[in-house]
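As structure tokens, the structure follows; a few thoughts come after it.
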Amino acid sequence: MVRYLWALWGLLWLAGCQSAPVETGLSPTQFFLEARVSLRSEDASGRGQLTWVQQGEAYRVTAFGPFGAGLVVLEGAGASATLLQNGQVQVVAPDALLAGWMAVPPPFSALPHWLFGRPAPGLGAVRNRGEGRFEQAGWTVRVRQDGAGRPEQVILTQGATTFTLVPYRWERSP
């Protein structure tokens, strides 16, 4: 009897060890996420949170600091966006907005792909640095994923600048 129990336990354990891909329904063109973010560079550092809704080329990114300070809403499609900050609305290019916060910003169009640990199309050569790590457009992208294939941590590094995103909620966008 004990031998049968051990055999059953062994079969269950082996079945649990098999790694079948889990369909998350998430992609760089269709997702909703909430995350903690931090930015560290030679000149400054900061922490905050963001929500990001991506539906095809259309996006809405809401970012804010501790206790909701510094609320920023960026909404657009492709290279055209509207920025709401301090009660003022501006039309901006997302890359120009990032340049205001970072000395050398990552290309905004690459971020949805990099969040998923994938190189962005059309941004040139990619140098693979091992599992979950590659270089593109001068940035090193490191992504750690959970068992369902969702990113748990994304770290973008270029020189002394490090941008870290730690998602705590992923969903397929509505």
_When the residues of segment 53-64 are narrowed to those that are surrounded by 14 or more Cβ atoms within 10 Å (Cβ to Cβ) and without any contact (Cβ under 8 Å) to a residue 24 or more places away in the chain, which ends up farthest from Pro28 (Cα to Cα)?_
Phe64
*Output the residue which, of all residues in segment 127-174 that are under 20 Å from Tyr59 (Cβ atoms) and among the aromatic types (Phe, Trp, Tyr), is farthest from the chain's Cα centre (by Cα).*
Trp139
_Val126 - would you say it is free of Cβ contacts under 8 Å to residues at least 24 places away in the same chain and either under 19 Å from Leu50 (Cα atoms) or surrounded by 18 or more Cβ atoms within 10 Å (Cβ to Cβ) (or both)?_
no
*Go through Leu39, Leu33 for me and flag whichever is modelled with pLDDT of 90 or more, closer than 26 Å to Thr140 by Cβ and surrounded by 11 or more Cβ atoms within 10 Å (Cβ to Cβ).*
Leu33
*Out of segment 71-95, which residues are exposed (fewer than 14 other Cβ atoms within 10 Å of the Cβ) and farther than 21 Å from Phe32 by Cα?*
Asn86, Gly87, Gln88, Val89, Gln90, Val91
_Against the conditions (1) within 21 Å of Arg40 (Cβ to Cβ); (2) part of a helix (DSSP H, G or I), where does His113 fall short? Just the number, please._
(1)
*Would you point out which residue out of Arg47, Arg40 is farther than 25 Å from Arg172 by Cα and in contact with a helix residue (DSSP H, G or I) (Cβ under 8 Å, 6 or more places away or on another chain)?*
Arg47
*Residue satisfying all of: in segment 139-162; modelled with pLDDT under 90 and charged (D, E, K, R); surrounded by the most Cβ atoms within 10 Å (Cβ to Cβ) among these*: Arg150
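The values are calculated or read from the model by the stated rules, or taken from the named source; none is laboratory data. Note that this is a predicted model, so its numbers are computed, not measured. A quick note on method: Cβ atoms are made from the backbone with ideal geometry, for glycine too, and the neighbour counts reach across all protein chains shown.
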